[in-house]
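No lab work stands behind these numbers, since they all come straight from the coordinates. Nothing here was measured: the structure is a model prediction, and the numbers come from that model. Cβ: placed from backbone, ideal geometry, glycine included. Neighbour counts: every protein chain shown.
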Amino acid sequence: MISFSTTILKFGQQGEKTGWTYILIPAEMAQQLKPGNKKSFRVKGELDKHSIKGVALLPMGEGDFIMALNAAMRRAIKKQKGAELRVQLQVDNEEIKPSAELMECMADEPEALRNFNNLPKGHQNYFSNWIENAKTETTKAKRIAYAIRFLSKGKSFSEMIRAMKKEKEMNNS
């Protein structure tokens, strides 16, 4: 386990990471967690007093990693860019199981299921986590419908999210 304090950062223009809020995990600390590793891996622990699990550390080159802080995490810790954060992390080897409701619904959509099963495990997790983090059953049902619609077309999670944002912008104008 590693423990440290850090400042919350935010990307400006950074390709697909544009606008992400994140923390930096320096190479020497990442090596304490997973010696010799240069690929993405999952961790569990605490951000201040907020427990996390199954969160990916992403390689950024030179041995450094980042941890994206999604909106739910930022709400839980009540902090934004520039704030100090106390971090405790350890490797999380627990396998993430796909959303049971998504898998049940995809049983009736063989094309979506085939495309989902062809995704790397981490990309499958994007869909499952997004669905499981819905606050209401209505939102969860809408997210499952979106996921199946886009998976049926062979689209990735990021393509789906971009299309949803574009759709929302068009509806608001």
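Distance between the modelled labels on residue 64 and residue 109, one decimal in nanometres: 3.9 nm (7 Å Cα→Cβ projection).
The Cβ shell under 11 Å around residue 86 holds other residues with a net charge of -1, Lys and Arg each +1, Asp and Glu each -1. Taking K and R as +1 and D and E as -1, what net charge do the other residues with C-beta under 12 Å from the C-beta of residue 154 add up to? Local net charge: +2. Compared with the direct C-alpha span, the chain from residue 149 to residue 17 gains 45.0 nm at full extension, assuming 0.36 nm per residue. Take the Cβ atoms of residue 40 and residue 166, set R0 to 25 Å, and the FRET efficiency comes out at 0.35.
Along the charge dipole of the range 100-172, pointing to its positive end and built from +1/-1 on Cβ of Lys, Arg, Asp and Glu, which listed residue (107, 164, 152) has its Cα farthest out? Ranked along the dipole, the leading option is 164.
Label positions at residue 84 and residue 51, each projected 7 Å from the Cα along the C-beta direction, are separated by 2.7 nm.
Of all DSSP-defined beta bridges confined to the chain, some 95% are antiparallel rather than parallel. As a length-normalised measure over Cα pairs under 8 Å and 6 or more apart, the relative contact order of the range 100-172 settles at 36 percent. Computed over the chain, the per-residue total of -39500 (n - 2.57) for DSSP H runs of n ≥ 4 gives a 222 nm mean residue ellipticity of -13000 deg cm²/dmol, rounded to 500.
Can you list residues whose amide H is under 5 Å from residue 17's amide H, if they're 5+ apart or on another chain and H is modeled 1.01 Å from N? It is none; the list stays empty. Panel values: the range 100-172, Kirkwood radius from alpha carbon pairs, Stokes-Einstein at 4 °C and 1.567 mPa s, translational diffusion coefficient 105 µm²/s.
Taking only the Cα atoms of the range 1-141, the ratio Rg/Rh comes out at 0.99, with Rh defined as the Kirkwood radius. Relative contact order of the range 2-91: 41 percent, from C-alpha pairs under 8 Å at least 6 residues apart in sequence.
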